[in-house]
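Q: I have a structure here, written as structure tokens, and I will follow up with some questions on it.
The values are calculated or read from the model by the stated rules, or taken from the named source; none is laboratory data. Source: prediction; values computed, not measured. Using ideal geometry, Cβ is built from the backbone for each residue, glycine included, and neighbour counts are taken over all protein chains shown.
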Amino acid sequence: MIGATGVGKTTSTAKLAAAFATRHGAANLGLITLDAYRVGAHEQLRTYGRILGVPVHTAHDRASLEDLLDLLSGKKMVLIDTAGMAQRDTRTRELLDMLSHRAINRLLVVNASAQGETIEDQLAAYAAPSCRGIVLSKLDEAVKLGPALDSMIRHKLKVLAVANGQRVPEDWHRLSANALVQRALRGGGTAAWRLDESDVNLIFAGLPAATAAAPAHA
């Protein structure tokens, strides 16, 4: 799981882990965190791991990550939770290089409530076209889903799952393209800015006054 700060990577990891463990058994699941320097998220994943009965391993660099992948190679699925970084953080490239192992499929978590320009910036920084798919998080916080779906469609990205809350694993869903479009078209909420009388007066105040018709040329 990769993505910017606060998009819900750790919670999404826990939701996917719980869904997998329920279907295939906890013994077939491995959990790794690369978020060792952010203690809160590290302990959060460990708590979920204890509930599921799955130990959480910590990788500090590329070498230790590869060692853990070898150790867990017998698992049906290994989930890797990563540190949240702003898309313009210089360490983002280092993280992507660390995850360039041939056995790793990257899932990009995108906050559905973010501005369209912010989403575009994150897709570029995290090399979205090279990812296995997208997890759209925070649907419950998104007043408008259009900007997020617009980016998904234009970049031809596959939305693998959506998350619409903090509950694990209840708030984790697979929605069809039709369902996402219907959700976007439903709209809702109030506009952040509405044109009122004072705005109209301000707009027209800067227009040049109408001049008299020019005399006809002889």
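Q: Conditions first: (1) on the phi > 0 side of the Ramachandran plot; (2) more than 15 Å from the chain's Cα centre (by Cα); (3) surrounded by 19 or more Cβ atoms within 10 Å (Cβ to Cβ). LYS138 passes all but one, so which condition is the exception?
A: For LYS138, the failing item is (2).
Q: Can you confirm whether segment 94-107 contains a residue that is in contact with a Lys or Arg (Cβ under 7 Å, 6 or more places away or on another chain), basic (Lys, Arg) and outside any strand (DSSP E or B)?
A: Taking every residue of segment 94-107 in turn, at least one turns out to be in contact with a Lys or Arg (Cβ under 7 Å, 6 or more places away or on another chain), basic (Lys, Arg) and outside any strand (DSSP E or B).
Q: A further question on this structure: Please indicate, with yes or no, whether at least one residue in segment 23-34 is part of a loop (DSSP other than H, G, I, E, B), in contact with a helix residue (DSSP H, G or I) (Cβ under 8 Å, 6 or more places away or on another chain), among the hydrophobic types (A, V, I, L, M, F, W, C) and touching a residue at least 40 places away in the same chain (Cβ under 8 Å).
A: yes
Q: Could I ask something else about it? Mind telling me which of the residues LEU160, LEU145 ends up being closer than 21 Å to ARG132 by Cα, of a type in the set (A, V, I, L, M) and at pLDDT 90 or above?
A: Result of the check over LEU160, LEU145: LEU160.
Q: Any idea how many residues of segment 128-148 are part of a helix (DSSP H, G or I) and touching a helix residue (DSSP H, G or I) at 6+ places or on another chain (Cβ under 7 Å)?
A: Residues flagged as part of a helix (DSSP H, G or I) and touching a helix residue (DSSP H, G or I) at 6+ places or on another chain (Cβ under 7 Å) within segment 128-148 amount to 3.
Q: I've got another one for you. For VAL162, state whether it is under 22 Å from ARG23 (Cα atoms) and either small (Gly, Ala, Ser) or in contact with a strand residue (DSSP E or B) (Cβ under 9 Å, 6 or more places away or on another chain) (or both).
A: Spelling it out, VAL162 is indeed under 22 Å from ARG23 (Cα atoms) and either small (Gly, Ala, Ser) or in contact with a strand residue (DSSP E or B) (Cβ under 9 Å, 6 or more places away or on another chain) (or both).
Q: Can ALA86 be described as surrounded by 13 or more Cβ atoms within 10 Å (Cβ to Cβ) and either in contact (Cβ under 8 Å) with a residue 40 or more places away in the chain or part of a loop (DSSP other than H, G, I, E, B) (or both)?
A: It is true that ALA86 is surrounded by 13 or more Cβ atoms within 10 Å (Cβ to Cβ) and either in contact (Cβ under 8 Å) with a residue 40 or more places away in the chain or part of a loop (DSSP other than H, G, I, E, B) (or both).
Q: Among the listed residues LEU45, LEU29, LEU65, LEU16, identify the single one that is at pLDDT below 90, of a type outside the set (Phe, Trp, Tyr) and surrounded by 19 or more Cβ atoms within 10 Å (Cβ to Cβ).
A: Result: LEU45 is the single residue among LEU45, LEU29, LEU65, LEU16 that is at pLDDT below 90, of a type outside the set (Phe, Trp, Tyr) and surrounded by 19 or more Cβ atoms within 10 Å (Cβ to Cβ).
Q: Which is closer than 30 Å to GLN44 by Cα, assigned to a loop (DSSP other than H, G, I, E, B) and free of Cβ contacts under 8 Å to residues at least 40 places away in the same chain, of ARG194, ARG167?
A: Every option except ARG167 fails the conditions.
Q: Now a separate question. Restricting to segment 170-186, name every residue that is free of Cβ contacts under 8 Å to residues at least 60 places away in the same chain, in a loop (DSSP other than H, G, I, E, B) and touching a strand residue (DSSP E or B) at 6+ places or on another chain (Cβ under 8 Å).
A: Matches in segment 170-186: ARG174, LEU175.
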